[in-house]
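Data block below; observations after.
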Protein chains: 2
Amino acid sequence: MPTKAHHPLVEDFLARLEEKDYRHTGTREEVARAVAQQGSHFTAEALCEALPRVGRATVYRNVKLLVEMGFLCRVLMEDGELHYQVSHKGHHHHLICTYCGQSQDLLNCDFQGLLKEKASTQGFEVEGHTVELYGRCRTCASEATAS
Amino acid sequence: MPTKAHHPLVEDFLARLEEKDYRHTGTREEVARAVAQQGSHFTAEALCEALPRVGRATVYRNVKLLVEMGFLCRVLMEDGELHYQVSHKGHHHHLICTYCGQSQDLLNCDFQGLLKEKASTQGFEVEGHTVELYGRCRTCASEATAS
DNA sequence: GCCATATTGAGATTGAGTATCAAATGAGCA
DNA sequence: TGCTCATTTGATACTCAATCTCAATATGGC
């Protein structure tokens, strides 16, 4: 199958597949391309709908692969639903707007040190953490102020 | 139905039910007692097993009630499974040991201010957040050191 | 092109949680 | 104490996300 689009995520994913001795299949490329076309965050189910010719199990398998390889990250919504979004590399947290639903990354923020220090006073060794922030994005906040 | 045990959680729950014009039923008391007897954290399903004579739907309904009233809080495990644990009142975070599974509360820790400040540099107004920490509790950490 | 094996897809299955609705129960009141 | 009626309960069906199974297919090395 010829490579049509040249989205960096698709390219990088295919390169990484080769690197790790996974096979480069047409289906994987399709999934990666669909992921790249999703806005902000999306559910695995939405991806399935965007890829009607690809089996549900395969979509889930490839999403898992993309997460393991760091191309996608999980976003936990306030109602407990699991979404995914294209990942900026490296550790970061999500700012999820509960008004418009958009998600952005919280940049330049290192809690690990603070968390470790706090937890160590109780003898606890922190190895990992999850942080999700909910509130209003800039646009929604200014709309609220304007009205 | 006579009140047999006098666990504070059970007592407080029953008092709050009255306060909020919910009915004090034998089933609610049973559920509260079972919750009080669970160690650390537990799933709704485990509660169902501990209460074979109570319907699954009723267990879920009462767990939801206990959460709304602040007697229970949700604990998100690293694999995404939802557990519950008896809540210390007030905002707090969880330290979840991935070795023995125990959970403890992270006390005296206020991130809200720091989080708000960081997020506001991106124009985001934080209204809520979730934080879960994973690692080794004191016991598991010292066992690892000893071996 | 051939082969061994990784990958895929249809469909069954699991598991958590919710909806339905008739029957049971609790609480106020006579 | 018994009546009455709204609340609560429980059996069951259902939904939804996600995983498992396994035969069919596609891939990459030779």
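Quick look at the numbers
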read-out: Count of residues meeting criterion [crowded, with 16+ Cβ neighbours inside 10 Å and either of a type outside the set (D, E, K, R) or part of a loop (DSSP other than H, G, I, E, B) (or both)] in segment B:103-118; value: 6
read-out: Test result for residue A:50, modelled with pLDDT of 95 or more, more than 10 Å from chain B (Cβ to nearest Cβ) and more than 16 Å from DNA strand D (Cβ to nearest atom); value: no
read-out: Which listed residue is at pLDDT 90 or above, crowded, with 16+ Cβ neighbours inside 10 Å and assigned by TED's automatic domain parsing to the domain that holds residue B:16, from B:71, B:124; value: B:71
read-out: Cβ pairs under 6 Å, 6+ apart, first in segment A:104-129 and without any contact (Cβ under 8 Å) to a residue 12 or more places away in the chain and at the interface with chain B (Cβ under 9 Å from one of its Cβ atoms), second of a type in the set (A, V, I, L, M, F, W, C) and part of a helix (DSSP H, G or I); value: A:125/B:141
read-out: Residues of segment A:53-102 satisfying the condition of being more than 13 Å from chain B (Cβ to nearest Cβ) and assigned to a loop (DSSP other than H, G, I, E, B); value: A:53, A:54, A:55, A:69, A:70, A:71, A:87, A:88, A:89, A:90, A:91, A:101
read-out: Close pairs (8 angstrom Cβ cut-off, 6 or more residues apart or separate chains): of a type in the set (Phe, Trp, Tyr) in segment B:81-96, more than 16 Å from DNA strand D (Cβ to nearest atom) anywhere; value: B:84/B:41; B:84/B:42; B:84/B:73; B:84/B:74; B:84/B:75
read-out: Filtered residues of segment B:2-44 (kept if on the phi > 0 side of the Ramachandran plot and either within 12 Å of DNA strand C (Cβ to nearest atom) or modelled with pLDDT of 95 or more (or both)); value: B:21
read-out: Test: residue in segment A:2-14 that is out of contact with any Phe, Trp or Tyr (no Cβ under 9 Å at 6 or more places or on another chain), of a type in the set (Gly, Ala, Ser) and surrounded by 14 or more Cβ atoms within 10 Å (Cβ to Cβ); value: no
read-out: Residue in segment B:20-28 that is out of contact with any Ser or Thr (no Cβ under 7 Å at 6 or more places or on another chain), surrounded by 19 or more Cβ atoms within 10 Å (Cβ to Cβ), under 23 Å from residue B:94 (Cβ atoms) and not assigned by TED's automatic domain parsing to the domain that holds residue B:98 present; value: no
read-out: Where residue A:60 falls short, out of the listed (1) within 17 Å of the chain's Cα centre (by Cα); (2) within 12 Å of DNA strand C (Cβ to nearest atom); (3) buried (at least 18 other Cβ atoms within 10 Å of the Cβ); (4) not hydrophobic (A, V, I, L, M, F, W, C); value: (3)
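The values are calculated or read from the model by the stated rules, or taken from the named source; none is laboratory data. Just so it is clear, the model here is predicted, and its values are computed rather than measured. Reconstructed Cβ throughout: ideal geometry from the backbone, glycine too, with neighbour counts over all protein chains shown.
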